[in-house]
Amino acid sequence: MESLRELYRIGYGPSSSHTMGPRTATELFISRHPEARKVKAELFGSLAATGKGHLTDQAIREALAEKGIEAEIYWFPDQEKPFHPNALTLTELLPGNATETYYSVGGGKVIREGEDKNSVPEPYPNEKVGTMSRLLKFCDENGYQIWETAIEFEGEEILDYMAEIWAVMKDAIKRGLDAEGVLPGGLHLQRKACQSYAKSKDFTGSLGNAAHAFAFSLAVSEENAGGGKIVTAPTCGSCGVLPGVLFHLMREYDLPEIRVLRALLTAGLVGNIVKTNGSISGAEVGCQGEVGVACAMAGAAAAQLTGGTIRQIEYAAEMGLEHHLGLTCDPLMGLVQIPCIERNAMACMRAIDHATYAIMGDGRHKISFDDVVEVMMETGHALPSLYRETSMGGLARIHEI
C-alpha cells in the first residue's frame, strides 16, 4: 500500500478527481514538455460530464497560464476511455506535437497512460497489511494498535505530516464557521455552517453534542465547495466527515493533539485498504467510494479515540462502508454542493454512532471489512454510469426536470 501522504493530500476544492487531479496532470505534462507554448486539453467521460461544475477547465487553464502557455479545451462526455472514467488527453500544439493521456483515479492521484499504476513507492507490504484481516493479524502478532503499524512502516516522521494535515483541517473548520453567503455556482446555495454552529450553542445534552459535530463537518464541506484549502480524506467531496468527527471528539473529551494524530493514522490505514483493494473514485464506484469510505475512516478514528479495541475499530469501519453501499454520485449541475455537503454532515454523525455501537459489543460480527470492500466494488461496477458522477441521472436529473 502507498504512503498515507498519498491518501491525505492538501489542496483546493471542490473536487480531488476533477480539480486537483487535472491540475496535477497538466503540471506533469508541462514538466515533461517545458518547450510547449500551446496545449490542447481533451476531457473524456465523467471528467467532461461534470468538469465545468468542478472547475476542471479553470484548473487546467491556471496551470498552463502560470507557464505562459495558451490553452484549448474540448469536452467529450459521451466518450469514455477503458482504463478509468476520468480521462484527460493533453497535446502540445506548439512547437511540437507530443500527446499524453492521464487518468484522475480519485483522491487527487493521477496515472499517466502506459505508466505502472503502482510506480509510487509503497512502504506498506501488501502481504502483511494489505487487507484488514492481514492488518489485524499483524497487530495481534506484534501487540500493536492499528496506528502503530503506520509508525512501523513510515517512521515517526509520519506524525509530523499528520500534524500538518490536522492543522489544515482545523483551519478549514474555523474558516467555514466564520464564512457566510452564497456558494459559487448556479445553485445559489447558502452556507449553513455559521448559523448551524450558532444555533447549536443553545442546544443541550446529546442534541447539542450532535449539532456541534454537524456544524464542523458542514464548515469543511462548504469550504471545499467554495474552492478553499482542505485535505482529501479520502477525497475533496468527502473531506468534511473525518475532521468533523475528530474536532468534535477533541473538544468533547479534551483530547491531547497526539491522540488525534494517531487517530488520523488509523483512519488513513482504513482508507488505504479501500484504495488498494477497491476504489475511492466517485466516477468509478459512486459516492459509496467517497462518503462511504470517509464514514468508515471516521468511525474507526472515533472508536479508537473512545477506547475501542482493534476489532471494535474494524467493526465501526465496516459499518461505515456497509451502510453506504450503493450510494450514487449524482451532484446537481456537477457541483460538489447538493447532495454532497449534507451527505458529509450526515456521515459524520453516522460515524460517531457506528463507533458507539461497536464499542457497546465485543467487536465480533458476521461481515468483515474486507468483505464489504469487495461488495462495494461489485456494486459500484454494477451501477449504470449515469449514477457515477456524470450528473445525468438520480437527483441531478430530477433537478433538470
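The values are calculated or read from the model by the stated rules, or taken from the named source; none is laboratory data. Model, not experiment: these values are computed from the prediction. Note that each Cβ is placed from the backbone with ideal geometry, even for glycine, and that neighbours are counted across all protein chains shown. The protein model used for the area step is the full one, side chains on, heavy atoms only, and it has no ligands, DNA or RNA in it. Shrake-Rupley method; radii C 1.70, N 1.55, O 1.52, S 1.80 Å.
To put it simply, the accessible area of region 248-401 at a 1.4 Å probe is 55 percent carbon and sulfur. From the list (1) 20.7, 74; (2) 20.3, 67; (3) 24.0, 96, can you say which value of Rg and Dmax of the Cα atoms in Å was derived from the structure given? Checked against the structure: label (2). Taking the C-alpha atoms only, the angle from helix 291-305 to the longest principal axis of the chain is near 30 degrees. Pairs exceeding a 19 Å alpha-carbon distance, out of Lys128/Lys275; Lys170/Lys275; Lys174/Lys229; Lys170/Lys229; Lys52/Lys174: Lys170/Lys275; Lys52/Lys174.
For region 1-56, the equivalent ellipsoid built from the Cα gyration tensor has semi-axes of 21, 18, 10 Å, listed from largest to smallest. Expressed as an acute angle from 0 to 90° and rounded to the nearest 10, what is the orientation of the C-alpha long axis of helix 205-225 relative to the principal long axis of the chain? With rounding to tens, the tilt is 20 degrees.
Compared with the dominant principal axis of the Cα atoms in the chain, helix 56-65 is inclined by about 60°. Classification of region 170-265 by its C-alpha gyration tensor yields an oblate form. The axis ratio a/c (a ≥ b ≥ c) is 1.5 or more, and b/c is at least a/b.
Treating each Cα of region 44-88 as an identical point scatterer and ignoring solvent, apply the Debye formula and state log10 I(q)/I(0) at q = 0.30 Å⁻¹. Debye output, listed in q order: -1.01. Within the chain, Cys139, Cys194, Cys236, Cys239, Cys295, Cys340, Cys348 have no other Cys Cβ under 4.7 Å of their Cβ and so lack a disulfide-compatible partner by this rule.
Listed peptides 357-366, 172-181, 54-63 appear in the order 54-63, 172-181, 357-366 once ranked by packing, highest mean of other Cβ atoms within 10 Å at the front.
Label zone of His381 (point 7 Å out along Cα→Cβ, amide N under 19 Å): in region 22-51 this covers 46. Taking all protein chains into account, the per residue accessible area for the chain stands at 40 Å² (1.4 Å probe).
Where a ≥ b ≥ c are the square roots of the eigenvalues of the C-alpha gyration tensor, would you call region 33-179 rounded, which needs a/c under 1.5, or, failing that, prolate if a/b is larger than b/c, or oblate? Verdict is prolate for region 33-179. Atom-type composition of the exposed protein surface of region 48-181 places 46 percent of the accessible area on carbon and sulfur (1.4 angstrom probe).
Report summary: the helix-based calculation at 222 nm, which adds -39500 (n - 2.57) for every DSSP H run with n ≥ 4 and divides by the residues of the chain, gives -16500 deg cm²/dmol.
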